[in-house]
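Read the structure below first, then the notes.
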Amino acid sequence: MAKTKNVKKEMSRLANFTKGFFKENPVFVFLLGLCPALAVTGTVEASLGMGILVIFVLTSSNVVVSLIRKWIPHQIRVPSYIVIISTFVTIVGLLTEAYAYALHGELGIFIPLIVVNCLILGRAESYASKNKVHDAAIDGFGMGLGFLGALVVIGFFREFLSTGAIAYGVYLPLAETPGSIINIDSYVFSMDAFGQAPGGFLVIGLLLGIFNFVAILKRNKKERERQRMIEEKKRQALERKRQKAKEKAGANA
Amino acid sequence: MSWTVFFVAIFSSMLINNVVLMKFLGVCPFLGVSKKTNSALGMSAAVMFVMVIAAFVSYLLYYLVLVPLEIEYVQTISFILIIASLVQLVEMIIKKVSKKLYKSLGVYIALITTNCAILGIAVENITSDFAGQYGLFPGLAVAVTTAFGAALGFGLVMFAFSSIRERLEGSNVPEAWKGVPVSLITAGIMALAFAGLGGIVG
């Protein structure tokens, strides 16, 4: 008995961790934190850096909010969350400046702006303030990973369309010398706009549209299958009725 | 320092470095409250109000309190607290002064705390070092003018975008692209148009 309960709990914890990846993806489903998702996703590496910073801030602020959730008066909860979050944002900003200066220069103003990222405040308000510490930490980490994934997907398309290559080692200390994973030498389109401001809106809009399109196709398929099942059942019922009627008629005759 | 500085500050922060389309600040209200022209205009008015006051107060706070005390690293915390309390204050004042204005702006004012354009402009005023370029108080004037121009730019884009969205309601958009996706693509095309203005003022 105890064992099954444990398994159930583990499962729910796993679900809690993975819900941010697809089903409740903060960017593509809830449209939270769109400002950084548009602004810093010009390259994959900058997106990766932003995602890592957000994971750190989100996890730690979730933990602290969850730790002191019983002492925060209800009326001033939002200002207290903001103070907690901005403390971690300040820490993260100083750390980035010290250890990844190129990334600090690239993200610029969007590091202090993590404070007003609706995703972080939203998780503090809707999850961390109501749940235990380890659950809040798992939730923060999973949601942060979902955010990172979304940013990297957007960054991939934007960097590839604008330069034809995916570079690494430019902003993050990933390699000794900067290089690139994909590099099409004869890339002639070089659509600069995708690396700059307009491309952010276009790429997110197109991605959202494509996701919607796939979801609608799936739903339609399911709907058709359901319809077919209903028809099949109706047909069977009708046949059975006919059979019965025939038998009756045969018995009468 | 001549008057052209102010002209350039307004023009560049309104059109060339537009807050929404070029700097991606304030995208949440840009997508959230732009379904109707009236609410978009209300939101822009509230943003203008708070943005100018926030730029003024945060600039003074930074140079008169944080710099002398050498605690510039608490910039983010202090600015966001200033903005949050300012939003509360503005809400109370408007409620007291004009019931009518409060009725039309009240809902949007509460949303402003999480509008990254306000904090973004406040921080950017510090990073562009107006005090170093023009002196402390002339720099304050330039900072406030920049904030005013940014708010004007926000209002302009909100108005244009909400008008487009009202038209989009009635048009025949493919099922999958209805709502947010088509709005984002529209915003992208608008941003392309605004990108063409770059380089007018050096």
| message | Quick test of your reading of the structure: B:Ser85 fulfils all but one of (1) hydroxyl-bearing (Ser, Thr, Tyr); (2) out of contact with any Gly (no Cβ under 8 Å at 6 or more places or on another chain); (3) within 12 Å of chain A (Cβ to nearest Cβ); (4) crowded, with 16+ Cβ neighbours inside 10 Å. Name the failing condition by number. | response | (4)
| Subset of the stretch A:35-53 (residues that are under 21 Å from A:Phe88 (Cβ atoms) and within 14 Å of another protein chain (Cβ to nearest Cβ)) | A:Cys35, A:Pro36, A:Ala37, A:Ala39, A:Val40, A:Ala46, A:Ser47, A:Met50, A:Leu53
| message | Looking only at residues that are at the interface with chain B (Cβ under 7 Å from one of its Cβ atoms) and touching a residue at least 12 places away in the same chain (Cβ under 8 Å) in the stretch A:97-115, which one is nearest to B:Met22 (Cα to Cα)? | response | A:Leu113
| said: Among the listed residues A:Leu202, A:Leu151, identify the single one that is assigned to a helix (DSSP H, G or I) and either within 12 Å of chain B (Cβ to nearest Cβ) or of a type in the set (Asp, Glu) (or both). | reply: A:Leu202
| said: Residue under question is B:Met48, and the condition is that it be closer than 26 Å to B:Gln88 by Cα and either more than 14 Å from chain A (Cβ to nearest Cβ) or free of Cβ contacts under 8 Å to residues at least 60 places away in the same chain (or both); does it hold? | reply: yes
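Here's the yes/no breakdown for (1) touching a Gly at 6+ places or on another chain (Cβ under 7 Å); (2) closer than 23 Å to A:Ile204 by Cβ; (3) surrounded by 20 or more Cβ atoms within 10 Å (Cβ to Cβ):
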{"residue": "B:Phe6", "(1), (2), (3)": "no, no, no"}
{"residue": "B:Leu21", "(1), (2), (3)": "no, yes, yes"}
{"residue": "B:Gly26", "(1), (2), (3)": "no, yes, yes"}
{"residue": "B:Gly32", "(1), (2), (3)": "no, yes, no"}
{"residue": "B:Asn38", "(1), (2), (3)": "no, no, no"}
| field | Filter result (out of contact with any Ser or Thr (no Cβ under 8 Å at 6 or more places or on another chain) and either surrounded by fewer than 14 Cβ atoms within 10 Å (Cβ to Cβ) or of a type in the set (Asp, Glu) (or both)) within the stretch B:155-178 | value | B:Arg167, B:Glu169, B:Gly170, B:Ser171, B:Asn172, B:Pro174, B:Glu175
| query | Based on what the data block shows, is A:Thr87 more than 10 Å from chain B (Cβ to nearest Cβ), buried (at least 18 other Cβ atoms within 10 Å of the Cβ), of a type in the set (S, T, N, Q) and under 20 Å from B:Ile77 (Cβ atoms)? | reply | no
| Among the helices (runs of 4 or more DSSP H) contained in the stretch B:1-80, which hold 2 or more residues that are farther than 30 Å from B:Lys103 by Cβ? | B:4-11, B:37-61
| Residues of the stretch B:109-120 satisfying the condition of being assigned to a helix (DSSP H, G or I) and surrounded by 24 or more Cβ atoms within 10 Å (Cβ to Cβ) | B:Ile112, B:Cys116, B:Ala117, B:Ile118, B:Leu119, B:Gly120
| request: Could you run through the stretch A:116-147 and say how many residues are surrounded by fewer than 19 Cβ atoms within 10 Å (Cβ to Cβ) and part of a loop (DSSP other than H, G, I, E, B)? | output: 3
| query | Of all residues in the stretch B:179-200 being more than 9 Å from every other protein chain (Cβ to nearest Cβ) and touching a Leu at 6+ places or on another chain (Cβ under 9 Å), which is surrounded by the fewest Cβ atoms within 10 Å (Cβ to Cβ)? | reply | B:Ile200
| message | Can you tell me which of (1) in contact with a Leu (Cβ under 7 Å, 6 or more places away or on another chain); (2) modelled with pLDDT of 90 or more is the one A:Tyr168 doesn't meet? | response | (2)
| task | From A:Leu32, A:Leu94, grab the single residue that is within 12 Å of chain B (Cβ to nearest Cβ), exposed (fewer than 14 other Cβ atoms within 10 Å of the Cβ) and of a type in the set (A, V, I, L, M). | result | A:Leu94
| With respect to A:Ile109, is the statement that it is part of a helix (DSSP H, G or I), among the β-branched types (Val, Ile, Thr) and under 18 Å from the mean Cα position of the chain (by Cα) true? | no
| task | Please go through the stretch B:135-190 and pick out each residue that is in contact (Cβ under 8 Å) with a residue 12 or more places away in the chain, farther than 16 Å from B:Leu31 by Cβ and of a type in the set (S, T, N, Q). | result | B:Thr145, B:Thr146
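The values are calculated or read from the model by the stated rules, or taken from the named source; none is laboratory data. No experiment lies behind these values; they were computed from the predicted model shown. Glycine gets a Cβ as well: all are built from the backbone with ideal geometry, and neighbour counts include every protein chain shown.
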